[in-house]
1. Looking at the range 39-49, is at least one residue outside any helix (DSSP H, G or I), more than 12 Å from the chain's Cα centre (by Cα) and surrounded by fewer than 14 Cβ atoms within 10 Å (Cβ to Cβ)?
2. Could you check the range 6-23 and list, in sequence order, the residues that are exposed (fewer than 15 other Cβ atoms within 10 Å of the Cβ), without any contact (Cβ under 8 Å) to a residue 12 or more places away in the chain, within 21 Å of H83 (Cβ to Cβ) and charged (D, E, K, R)?
3. Could you tell me which residue of the range 28-38 is surrounded by the most Cβ atoms within 10 Å (Cβ to Cβ), considering only residues that are assigned to a loop (DSSP other than H, G, I, E, B) and touching a residue at least 12 places away in the same chain (Cβ under 8 Å)?
4. Give me the pairs: first residue in the range 54-80 and acidic (D, E), second residue surrounded by 12 or more Cβ atoms within 10 Å (Cβ to Cβ), beta-carbon distance under 8 Å, and six or more apart or on different chains, which are they?
5. Might you let me know whether the range 64-81 holds any residue that is basic (K, R), in a helix (DSSP H, G or I) and touching a helix residue (DSSP H, G or I) at 6+ places or on another chain (Cβ under 8 Å)?
Amino acid sequence: MKKLKNEAELVKEALRVGAVYAKKRGVGEIETTDSAKDKIEFIYKLLVHDKLIQPLAKEQSGDQPAMKHKLALWISRQLPEDHPLLK
C-alpha cells in the first residue's frame, strides 16, 4: 500500500465529507466527542455498505491504517483535479 501525498489531510477531509454524507443519508451523526478510530470505522463501513468503496480483504478488516488509506483514496477521487490536497 503506497502512501498518498497529503494522506493525513485527505483522511481529515474524508471524515468531514463522510460525516455530511451520513447526516444527509439519515444514518447517524458524528459527534465531536467520538474518537478518531470510531469516526474512521463508521465512515468506512458506511461507504462499503453503500458500495462507494470496495471492502478490505478479510485479513485486513480491522486494520485502521488500511481503512484510512481507503478513505484517502475515496476522497481523492471526489475532489476536483486542481484541489490543493491533490498537489
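All of the numbers you see were taken from the coordinates with simple rules; none came from a lab. Since the structure is predicted, the reported quantities are computational estimates derived from the model, not experimental observations. Reconstructed Cβ throughout: ideal geometry from the backbone, glycine too, with neighbour counts over all protein chains shown.
1. no
2. Of everything in the range 6-23, just one residue is exposed (fewer than 15 other Cβ atoms within 10 Å of the Cβ), without any contact (Cβ under 8 Å) to a residue 12 or more places away in the chain, within 21 Å of H83 (Cβ to Cβ) and charged (D, E, K, R), namely R16.
3. That would be I30.
4. Within 8 Å, the pairs are D63/L56.
5. Yes.
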